[in-house]
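The values are calculated or read from the model by the stated rules, or taken from the named source; none is laboratory data. In this text, all values refer to a predicted model and were calculated from it rather than measured experimentally. Neighbour counts run over all protein chains shown; Cβ positions are idealised from the backbone, glycine included. Only protein heavy atoms, including side chains, enter the accessible area calculation; ligands, DNA and RNA are left aside. Shrake-Rupley method; radii C 1.70, N 1.55, O 1.52, S 1.80 Å.
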Amino acid sequence: MNATVEQLAAIALFAQLQPEQLTRLQPHSVIRSYQSGERVMDEGDRLPSRLYALVKGLLRVSKTATTGKETILRTLTVGDIFAAPALFGNGIAPATVIAERDAEVLMVDREALLSAIQANPEIALKMMAVFNQRLQQLHEMVHGLVSERAIVRLARFIQAAAGEPGIQIRGEGACLRLPLSYYEMARSIGITYEECVRLFKQLHPVVSYHRGGKITLLDWDGLEAIAQGMTAPSALVLTNNDRE
């Protein structure tokens, strides 16, 4: 089915468009629903020339090595765009995208998007800002895998999750809105599941983990100290085994 004006307006790229401009995009837009666990695209798929954006749910973006090991690149939340090669590259999906929860994906035809950009060039600037941010994140990820201790990478990953999609303040502390499993965190920072469980035991004075992926931040300053590779709080005991 076609997207509604409200669904189009919820995407940051289109936030500045007038209602009549959004209405012109509607015939060239499609909303597709995916159930939790369903594949949106597989790495190597040939993609139609479209903009892809998430309007509901969560999506996991990952790549799988020839050995079968999965690396999670990012979790997409509502409003995120993805699959850039469909618009600007060779049209080949660079990674596998799977619905973490029931999801809805907005797709806008390339020619209609280009017409919208001609009328409002700010759309292109916003897209460039998104892709630049992801390139910086990729550089930081590669640097971290090569140079940083596993516990530093984990602390930075938790900080990033606290920034987007954010936190909820509760009695025991600040809880991440996005549930994160040990597996997802381990595959996101290049360590094993068992290593991730062990590191969380060491982080307990700073961060707590509960069943279902609920993470609570107990000590912001302590987490920042670990993320910066500084001396951790005295209650936190680190060992030489926290390297991966």
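Here are the numbers for the structure shown:
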| quantity | calculated |
| --- | --- |
| Residue match in region 42-56 (condition: free of Cβ contacts under 8 Å to residues at least 24 places away in the same chain, out of contact with any helix residue (DSSP H, G or I) (no Cβ under 6 Å at 6 or more places or on another chain) and either crowded, with 18+ Cβ neighbours inside 10 Å or not in a helix (DSSP H, G or I) (or both)) | no |
| Test: ARG24 is surrounded by fewer than 16 Cβ atoms within 10 Å (Cβ to Cβ) and out of contact with any Asp or Glu (no Cβ under 8 Å at 6 or more places or on another chain) | yes |
| Within region 181-207, considering residues that are open to solvent by less than 40 Å² (accessible area, probe 1.4 Å) and not in a helix (DSSP H, G or I), the one nearest to HIS143 (Cα to Cα) | GLY190 |
| Restricting region 208-244 to residues that are open to solvent by less than 50 Å² (accessible area, probe 1.4 Å) and under 14 Å from ARG153 (Cβ atoms), the residue that is modelled with the lowest pLDDT | ASP242 |
| Some residue of region 104-126 being open to solvent by 60 Å² or more (accessible area, probe 1.4 Å) and within 30 Å of TYR193 (Cα to Cα) | no |
| Sole exception among (1) closer than 17 Å to LEU8 by Cα; (2) without any contact (Cβ under 8 Å) to a residue 60 or more places away in the chain for GLY89, by number | (1) |
| Cβ-Cβ under 6 Å pairs, at least 6 apart or on other chains, region 189-206 side touching a residue at least 12 places away in the same chain (Cβ under 8 Å), far side aromatic (Phe, Trp, Tyr) and surrounded by 15 or more Cβ atoms within 10 Å (Cβ to Cβ) | ILE189/PHE157; CYS196/TYR182; VAL197/TYR182; PHE200/TYR209 |
